[in-house]
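For reference, the structure discussed in these notes is given below.
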Amino acid sequence: MPAIPALPPAFRLALEPDLTPALGRRVLAACGSAAAVYASSVTRLAAVLGTPLALQMAAPAGAELQRRWAAVQAWLALPGRSGLAWDDAGYPALLRQLSDPPLLLYVVGDPAALSRPALAVVGARRATAGGRDNAQAFARRLAAEGWCVVSGLAAGIDAAAHQGALAAGTGGGGTLAVLGTGADRIYPARHAALAEAIVAAGGALVSELPLGTPPLPAHFPRRNRLVAGLSRGVLVVEAALQSGSLITARLAADMGREVFAMPGSIHAPLSRGCHALIRQGAKLTETLDDLREELAAHGWPGAPAAGEGGGGVRVDVGGAVQGDVRGNAHGDARDFRRVKAAADAATEADADVDAVADADADADADADASALTDEAAAVRARVHAGAVTDPEADVDADAATAPVADRDQRRVLRVLGYDPVLVDDIQQRAGLAAAAVQAALLRLELAGRVRRAPGGRYERTSPDVAG
């Protein structure tokens, strides 16, 4: 393969075989720039890297290095692709503050998106419907006020945050997706349309991983580091105690970024991570004003749009979103519902196929959901058969541990959290007819799995709270 004279020193440093990112940063610190690295003597390089690497880097680019550069050049030739090396003027200033900044960033979309005022919105992949609603609402309002919403393109909260930011329209701050794969791959694959929408709206996809890198668990903490590093603060919407989102929050705190967490029910597994963060000093976040209080020193990028008011987003005890987050214009409301429906559908499709990725340990939430019961279905069958005349009398205390057999009831339980939810919202989230929802709720109530709450709402029954 012929030599590639166009190989810039900064790209060569990032692509150099056997040169780890840590070694690359070390030699950069010793020499001052990528150009100075390749202008240095073998003796100087060997003092930092050892003799074998020093000899390799002092020689012309070898075949493997040329192959890598040819692949990068081919990718860069595609529309909307760019590479930001450490010494590039467009390299994000916030990432330069890290102790381990990437040597090269692969970007699809507008590279300037990486330098916009940004807040990260993250959380569980198998999020509750209420959690997705809250992520969408906060992200939409943040984007409308000029913040670029950063997240990881995963299912659940990440997807909802991206969708919410897109719903703010092209006049907003947009959204940035940090990938745990190479920039030439989208994971999960069903989020390809979402990724395209992010780029089309003026946002970007970014990865530090080499082209072609597959989705492996070890890559997602690196992604989370960039999510935190590109942002002035991180809002955790829902998270289990052992969660990748808590890794992102810890990294953000270590970087000196602000950390925010949204409270939830004490019985909800996906609230436990947020409550742990709040106990450790994260800002309890119910409204946009909670974010403003902590970020005032950084400067709020924009005032609320005309007619949108000030406080805006608020989460009530039922997990619903109140205030003016859906906008005062009918068009805003339609956009919000459309984006919400798309995100909900994408998350439902992802629910059973994302076992490999993220290193998000939301297993306790999944186990909690799978343990939900439906003794009432068996009771109904016996009633129809004439075996019993009083369904409630035949539902015993062991119903809470029986598996859920009825599909409609499983769907209702999946969207029903531990906080009260209106029947209309249950119907919309579950995608069922009103009669089917009412029937499922009745049977679940007979089984002791749900109960009526004031105001025409339903909630799942709570497990005993240890003293």
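The values are calculated or read from the model by the stated rules, or taken from the named source; none is laboratory data. As the structure is a prediction and not an experimental result, all values here were calculated from the model. Glycine gets a Cβ as well: all are built from the backbone with ideal geometry, and neighbour counts include every protein chain shown. What goes into the accessible areas is simple: the full protein's heavy atoms, side chains included, and nothing from ligands, DNA or RNA. Shrake-Rupley method; radii C 1.70, N 1.55, O 1.52, S 1.80 Å.
Can you tell me the mean projection area, over all orientations, of the convex hull of the stretch 80-205's alpha carbons? Units nm², please. It is 7.3 nm².
Dividing the Cα radius of gyration of the stretch 219-294 by 2.2 N^0.38 Å, with N the residue count, gives 1.02. Taking the centroid of alpha carbons for each part, the stretch 159-173 and the stretch 222-255 are 20 Å apart. Restricting attention to the stretch 1-156, close to 60% of DSSP beta bridges with both partner residues there are antiparallel.
3J(HN,Hα) along the stretch 43-49, derived from phi through the Karplus expression 6.51 cos²θ - 1.76 cosθ + 1.60 where θ = phi - 60°, amounts to 4, 5, 5, 5, 5, 9, 10 Hz, with x in place of Gly and Pro.
Heavy atoms of the protein chains alone define the surface here; on that basis the stretch 126-272 has 26 Å² accessible area per residue at 1.4 Å probe size.
Among residues other than Gly173 with Cβ under 10 Å from its Cβ, the summed charge is 0 (Lys and Arg +1, Asp and Glu -1). Packing around the peptides 437-445, 43-51, 133-141, taken as the average count of other Cβ atoms within 10 Å per residue, puts them in this order, highest first: 133-141, 437-445, 43-51. Classified by the C-alpha gyration tensor, the stretch 163-303 has an oblate form. Its axis ratio a/c, with a ≥ b ≥ c, is 1.5 or above, and a/b does not exceed b/c. Sorted into 5 angstrom bins from 0, the C-alpha pair distances of the stretch 1-136 split as 2, 9, 16, 17, 16, 13, 9, 6, 5, 3, 2, 1, 0 percent. Across the stretch 228-292, Cα pairs under 8 Å and at least six residues apart give a relative contact order of 34 percent. Normalising by the residue count of the stretch 39-98, find the relative contact order in percent from Cα pairs under 8 Å and 6+ residues apart. Reported as a whole number, the value is 16 percent. Peptides 72-78, 125-131, ordered by how many other C-beta atoms sit within 10 Å of their residues on average, highest first, read 125-131, 72-78. Heavy-atom accessible area for Met255, with the other protein chains in place and a 1.4 Å probe, reaches approximately 50 Å².
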